[in-house]
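Readers should treat all values here as calculations from the given coordinates under stated rules, not as data from a laboratory. Nothing here was measured: the structure is a model prediction, and the numbers come from that model. Here the Cβ is made from the backbone with ideal geometry for all residues, glycine too, and neighbour counts use every protein chain on show.
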Amino acid sequence: MHGSASSGWLLVALCAATGAYCLLRMRSSVEEQRRAAGGEALMGFGMAAMAVPAAVFTPPAWVWPAYAAVFGAAGLRALWAARSGRHHLHHLVGAAAMVYMAVVMAGSPAHAHGHGASGTPLLTGVLLLYFAGYVLLTGVRLIPVVTVAGGGPGAPSVPAPGGGAGAGGRAGAGWGDRPELARACRLSMAIGMLAMLLPL
């Protein structure tokens, strides 16, 4: 990928840590959670590998078509899974963004990207808008909801039971099954996707 080496390594660390957490989430007792976590682990590790600074390692030419094939298959799987839940559409957009970046990397001379006189390509702009909106919406959803104890005026505020809006209030859920952690994982990957799309 392009950009400074330090920011590239930070992006690698963020995406690899997110992918590792998603692997841990695959031990969940909830089948849907395991399936989603598997796709997110693939995305996290794929983004980490793609973000390695080009000054450190320039991948051979065959890597980019392989990326496009792997994430194209992941996108088709997400499209099929979207029949049972809307949240799979986000996985579809993420996979499409990875295919797009792989195609751009394969088509660029020496994998160095410049905007040139044409500015930001339309598809890059659409993906940037989508992921920026996703980051903002998910960030808002992670803010804990505060309820008023006792319900009367002047009563002290206390956090809602279960940790807020996204927690679902499941007292017996393990840390790998907590929806707010899964949401934070997706937020991290969306931030990483923004950072990777900006230089295109």
Estimated inter-spin distance, Val30 and Leu10, nm [label 7 Å along Cα→Cβ]
3.2 nm
Give the calculated FRET efficiency between Leu198 and Thr58 to the nearest 0.05, with a Förster radius of 22 Å applied to their Cβ-Cβ distance.
0.60
